[in-house]
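Okay, structure first, notes after.
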Amino acid sequence: MSNVWKHFITITRHRLLVRKHCFKVGLYWQGLTHDLSKYSPSEFRVGVRYYQGNRSPNTAQRELLGYSTAWMHHKGRNRHHFEYWTDINLATRHYEPVDMPTKYFVEMVMDRIAACKVYKGKDYQDGDALQYLNRSKGDKNNMHPETRRKLETVLGILAEQGEAEMFRFVRQTVLQGKPF
């Protein structure tokens, strides 16, 4: 099977999982429109060229070139990535992260869970997304501290109490704007 078909199946499977998870919490538009840019030529070609099946093709391109053209395209068009949420702080005149709006934050949670499910396959466990976050050193420095705190909380609920409880918490607390 060619990498074109395998990459298409991988990103489509990922999108379907994100859609399923977003629908469970009532984020229908986010579920329907999630990651459509992955089908654009600038992202899809890189995905095919660096396809491996067990991790993001962007990582492979980054290891070879020192950067990923597909990732730069993707993060600038998809608000569910915390990297999208940076702006110049007028006081410091430096780019700094800002706290993510709730609906994009929740989409990010669903995106991370779906990515773990796709890449880990039958070996997926509910603690995988939290473990991945804890291994990602760049996330800690580039993500707004409040976004990170909320992400750790929600992924911690997933790891400790399972999907059903995490979905309930997102619906009844996070999306209702209640403090947590």
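The values are calculated or read from the model by the stated rules, or taken from the named source; none is laboratory data. Source: prediction; values computed, not measured. Here Cβ is always computed from backbone atoms with ideal geometry, including for glycine, and neighbour counts include all displayed protein chains. For accessibility, only protein heavy atoms count, side chains too; no ligands or nucleic acids. Shrake-Rupley method; radii C 1.70, N 1.55, O 1.52, S 1.80 Å.
Remarks
- Centroid-to-centroid, using Cα positions, region 44-104 and region 108-152 are 14 Å apart.
- For region 78-180, applying the loop criterion from DSSP together with a ceiling of 10 other beta carbons within 10 Å to the trypsin sites (Lys or Arg not before Pro) yields Arg93.
- Portion, in percent, of the accessible area of region 90-151 that falls on carbon or sulfur, probe 1.4 Å: 51 percent
- With both labels modelled 7 Å from their Cα along Cα-to-Cβ, the Ala164 to Met72 distance reads 4.7 nm.
- A crude spin-label estimate for the pair Asn134 and Ile88, with each label 7 Å from Cα along the Cβ direction, gives 3.9 nm.
- Base-10 log of normalised Debye intensity for the chain (one unit scatterer per alpha-carbon) at q = 0.11 Å⁻¹: -0.48
- Summarising the amide proton neighbourhood of Met100: residues at separation of 5 or more, or on other chains, whose placed amide H is nearer than 5 Å comprise Thr147.
- Per residue, the accessible area of the chain comes to 56 Å², computed with a 1.4 Å probe over protein heavy atoms only.
- Calculated from backbone phi, Karplus (6.51, -1.76, 1.60) coupling profile of region 35-52 in Hz, x at Gly/Pro: 6, 4, 5, 5, 8, 6, x, 5, 9, 5, 4, 4, x, 5, 4, 10, 4, 10
- Across region 76-91, rounded Karplus estimates of 3J(HN,Hα) from the backbone phi angles (6.51 cos²θ - 1.76 cosθ + 1.60, θ = phi - 60°) give x, 10, 10, 6, 7, 9, 4, 5, 5, 8, 10, 8, 7, 7, 5, 6 Hz, Gly and Pro being marked x.
- MRE, 222 nm, helices only [DSSP H, n ≥ 4, -39500 (n - 2.57), over the chain, to nearest 500]: -18500 deg cm²/dmol
- Taking each of Lys75/Lys103; Lys38/Lys117; Lys38/Lys122 in turn, the alpha-carbon distance tops 22 angstrom for Lys38/Lys122.
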